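Undergrad: Supplied in structure tokens, the structure appears directly below.
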Amino acid sequence: MDTKKVVAQLYTLRQFCKTAEDLAETFKKVRNIGYEAVQVSGIGPIAPEKVKELADKEGLKIVVTHVPYSRLKNDLDALIKEHKMWDCYYIGLGSMPPEYRTSKEGFIAFAKEFNEIAKRISDNGLKFVYHNHKFEFEKFDGLTGLEIIFNETDPEVFQFEIDTYWVQAGGGNPTDWIRKMKGRMDVVHLKDMAIVKDQQVFAEIGQGNLNWHSIIEACEEIGVKWYCVEQDTCMRDPFESMAISFDYLKNLKL
């Protein structure tokens, strides 16, 4: 597949992104693997201008982020300004706060609240994306939490960032959910699931049991623009894991 669209999710490398010096070295290693784009998430308290400078130095494009709920709620203008400075079109929320997750009413309240935030982001020329975990697959009155968010938000302003591992963990079918998101998903999270000693674990792309041909075909079918490689925990050096995933995608023939 086209590796120009493959993105390194920095959350995977978060322990190597705590300072500007760490980030500089991480960006260099990521670029040497072959990645040309990154998702900024889980990094230390580094000035946005410095992040941009270091990314530019290695020829890395910042294409999407995960930012704290509190900043989306209380610091949105500054957040928008930062993303425009980074030339980053997608502002992402990695997860909704726990207090929303326990009822249908909570999911609806979150959807309505963030639909308004997403509209403000859209009015400023950017796009909001929401990243799922498995708790969104709990059902309330016959609907999963993710379906509630999908139904209660405006497709013109509220996008999704389906995470293949967490869909699978929640009992969903990643390919079906990707197709459901047609018109509402420019960015996807690619994450594999393996079974080790009868336990499900995070794995490098192609090293687990997800059907990657089906997943990537569905993504191409709906027009996904960016493929973010993420592994929450690694069983080897995280940079080696990121390289294994990149090489698998590079050699994947559809």
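Undergrad: Going by the structure shown, is Val40 over 21 Å from Asn115 (Cβ atoms), touching a strand residue (DSSP E or B) at 6+ places or on another chain (Cβ under 6 Å) and either among the aromatic types (Phe, Trp, Tyr) or crowded, with 16+ Cβ neighbours inside 10 Å (or both)?
TA: Against the criterion (over 21 Å from Asn115 (Cβ atoms), touching a strand residue (DSSP E or B) at 6+ places or on another chain (Cβ under 6 Å) and either among the aromatic types (Phe, Trp, Tyr) or crowded, with 16+ Cβ neighbours inside 10 Å (or both)), Val40 qualifies.
Undergrad: Sort through Gly223, Gly172 and tell me the only one that's in contact (Cβ under 8 Å) with a residue 24 or more places away in the chain, surrounded by 20 or more Cβ atoms within 10 Å (Cβ to Cβ), closer than 26 Å to Thr153 by Cα and small (Gly, Ala, Ser).
TA: Gly172
Undergrad: Right, next: State whether the residues of region 199-211 include one that is outside any loop (DSSP other than H, G, I, E, B) and without any contact (Cβ under 8 Å) to a residue 24 or more places away in the chain.
TA: There is at least one residue in region 199-211 that is outside any loop (DSSP other than H, G, I, E, B) and without any contact (Cβ under 8 Å) to a residue 24 or more places away in the chain.
Undergrad: Out of Ile178, Ile244, report the one residue that is closer than 15 Å to Gln9 by Cβ, at pLDDT 95 or above and not charged (D, E, K, R).
TA: Ile244
Undergrad: Just checking, which of Asp87, Asp75, Asp56 is closer than 24 Å to Val229 by Cβ, out of contact with any Lys or Arg (no Cβ under 9 Å at 6 or more places or on another chain), of a type in the set (D, E, K, R) and surrounded by fewer than 17 Cβ atoms within 10 Å (Cβ to Cβ)?
TA: Asp56
Undergrad: What number goes with the only condition from (1) modelled with pLDDT of 95 or more; (2) in a loop (DSSP other than H, G, I, E, B); (3) farther than 21 Å from Val129 by Cβ; (4) basic (Lys, Arg) that Arg184 does not pass?
TA: In the conditions (1) modelled with pLDDT of 95 or more; (2) in a loop (DSSP other than H, G, I, E, B); (3) farther than 21 Å from Val129 by Cβ; (4) basic (Lys, Arg), Arg184 misses (3) alone.
Undergrad: Considering region 118-132 alone, what residues qualify as being within 14 Å of Phe107 (Cβ to Cβ) and either surrounded by fewer than 18 Cβ atoms within 10 Å (Cβ to Cβ) or among the aromatic types (Phe, Trp, Tyr) (or both)?
TA: Tyr130 - this is the single residue of region 118-132 that is within 14 Å of Phe107 (Cβ to Cβ) and either surrounded by fewer than 18 Cβ atoms within 10 Å (Cβ to Cβ) or among the aromatic types (Phe, Trp, Tyr) (or both).
Undergrad: What are the residues in region 102-112 that are in contact (Cβ under 8 Å) with a residue 12 or more places away in the chain and either more than 22 Å from Ser41 (Cα to Cα) or surrounded by fewer than 16 Cβ atoms within 10 Å (Cβ to Cβ) (or both), if any?
TA: Within region 102-112, Ser103, Lys104, Phe107, Ile108, Ala111, Lys112 meet the criteria.
The values are calculated or read from the model by the stated rules, or taken from the named source; none is laboratory data. Every value quoted in this text rests on a predicted model; they were computed, and no experiment measured them. Cβ coordinates were reconstructed from backbone atoms using ideal geometry, including for glycine residues, and neighbour counts include every protein chain displayed.
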